[in-house]
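Asker: Here's a structure for you.
Every number in this text was worked out from the coordinates using simple rules, so none of it is lab data. Small disclaimer: the values here were computed from a predicted structure and weren't measured. Neighbour counts run over all protein chains shown; Cβ positions are idealised from the backbone, glycine included.
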Amino acid sequence: MVSSGAILAYGGAKFSKFMKKYFHSARTLRHASPILVLFAALALFTHPSSAQISINGGIAVQSYVPPQWAPPYDNVSSVRYYYFPDYGIYYDVWDGLFWYLGPGNQWLSSPDLPQAYSGVDLSGAFIVLIDRDVARPWTNYSYYYRNYPQHGYDNYKDIVVRNRIVTNIAPGHELVPRAFNENSNRVTFMQRPVPNAPRVSNAPVNYNRVVHKVPMKAIAPSMPAQSRNLNYGRGYVRPTAAPNRGGAPGGRPAPNGGAPARGGNPHGGGNPHGGGNPHGGGNSHGGGK
């Protein structure tokens, strides 16, 4: 995979910050000098994580390995952020960090889940694979909280089975929605054995190797009418402007399914939508796009 002189290693938060500062890209480094490449390699070895880098012909290409609990999806190196709608938490794949609201409505990061969710088995959690052009999505939390409500995906399974969109389900297995990918507008389904007894919430999940990726356009017509103007019910529609990069985070799901905490109003701003437009700020991408 890597030619002579290539470097293969693993790195974490410091490596990602290093590349963003010196190369203005978290994925492709062009015309890197041998000294800088060596420095990057040392950072990788010092901070083991999910990144790997290969150098060939003066071009260094960085790729990332998703965590074991993530469902399979395409173009894994290009998707940096996950959102867990049932917990109001984000995950930065490149840096290996969870982002969550702490005391005083401040966003905190940690390599581990926050204490309130320490017993959650993420291999059974539904995730949203966020638009690859979005940066720091938690700064526009109201947008994700509104467009991906807790358990908003609950109808997906019944719609897919009832409409016979997926038919090759293994005997003794059930279909489970695992992820929605904003980049492909597809829902990832996996199969797991039907339990003989009530499932323990934090018990490991053993999935069948067959993965089904269903276009959201096949699900949307059967979704409840009230969901069809939101991403979880119609599919992802890239907003015309990007969201603000700061400000109070606004409403969020409370631990254990309680009522959302308030940050001024349910959407985190001075009006029902939390900012100057329906997406809670300047645009939905958290930064320059």
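Asker: Based on the Cβ-Cβ distance from SER109 to GLN68, what FRET efficiency comes out when R0 is 25 Å, to the nearest 0.05?
Answerer: Approximately 0.80, to the nearest 0.05.
Asker: Tell me, in nm to one decimal, what length is gained between THR167 and VAL210 on full extension, where the rule is 0.36 nm per residue of separation less the Cα-Cα distance?
Answerer: Stretched fully, the THR167-VAL210 segment lengthens by 14.3 nm.
Asker: Test of understanding: what is the full-extension gain from VAL194 to HIS151, defined as 0.36 nm times their sequence separation minus their Cα-Cα distance?
Answerer: That works out to 13.5 nm of additional length.
Asker: Given bins 5 angstrom wide, list per bin the percent of all Cα-Cα distances in the range 76-234, short to long.
Answerer: Binned Cα distances yield the sequence 2, 8, 17, 20, 20, 16, 11, 5, 1, 0.
Asker: While we're on this one: Can you work out the Karplus-derived ³J(HN,Hα) for every residue in the range 109-114? Use 6.51 cos²θ - 1.76 cosθ + 1.60 with θ = phi - 60°, whole Hz, and x for glycine or proline.
Answerer: Here the 3J(HN,Hα) series is 10, 7, x, 10, 4, x Hz.
Asker: Rounded, prolate or oblate: which fits the range 74-132 when a ≥ b ≥ c are the square roots of the eigenvalues of the alpha-carbon gyration tensor, with rounded for a/c under 1.5 and prolate only if a/b beats b/c?
Answerer: Judged from the Cα gyration tensor, the range 74-132 comes out prolate (a/c at least 1.5, a/b above b/c).
Asker: Here's another thing I want to ask about it. Can you compute the label reach from ALA218? Point 7 Å from Cα along the Cβ direction, backbone N cut-off under 13 Å, restricted to the range 139-172.
Answerer: 157, 159-169
Asker: Sort SER222, SER110, SER77 so that the residue with the fewest other Cβ atoms within 10 Å of its own Cβ comes first and the one with the most comes last.
Answerer: Fewest to most other Cβ atoms nearby, the residues stand as SER110, SER222, SER77.
Asker: Taking amide H positions as placed in the peptide plane 1.01 Å from N, state which residues far from ARG186 in sequence (5 or more) or on other chains have amide H under 5 Å from it.
Answerer: Counting only residues 5 or more places away or on other chains, the set is ASN181, MET216.
Asker: In what sequence do VAL134, VAL214, VAL76 fall when counting other Cβ within 10 Å, fewest first?
Answerer: Sorted ascending by nearby Cβ count, the order is VAL76, VAL214, VAL134.
Asker: So, with +1 on the Cβ of K and R and -1 on the Cβ of D and E, and no other charges, what is the size of the charge dipole of the range 93-163 about its Cα centre, to the nearest 20 debye?
Answerer: 180
Asker: Okay, next question. Neighbour counts of other C-beta atoms within 10 Å: give me ARG132, ARG186, ARG234 arranged from fewest to most.
Answerer: ARG132, ARG234, ARG186
Asker: What is the dipole size for the range 76-234, taken about its Cα centre, with +1 at each Lys and Arg Cβ and -1 at each Asp and Glu Cβ, in debye to the nearest 20?
Answerer: 620
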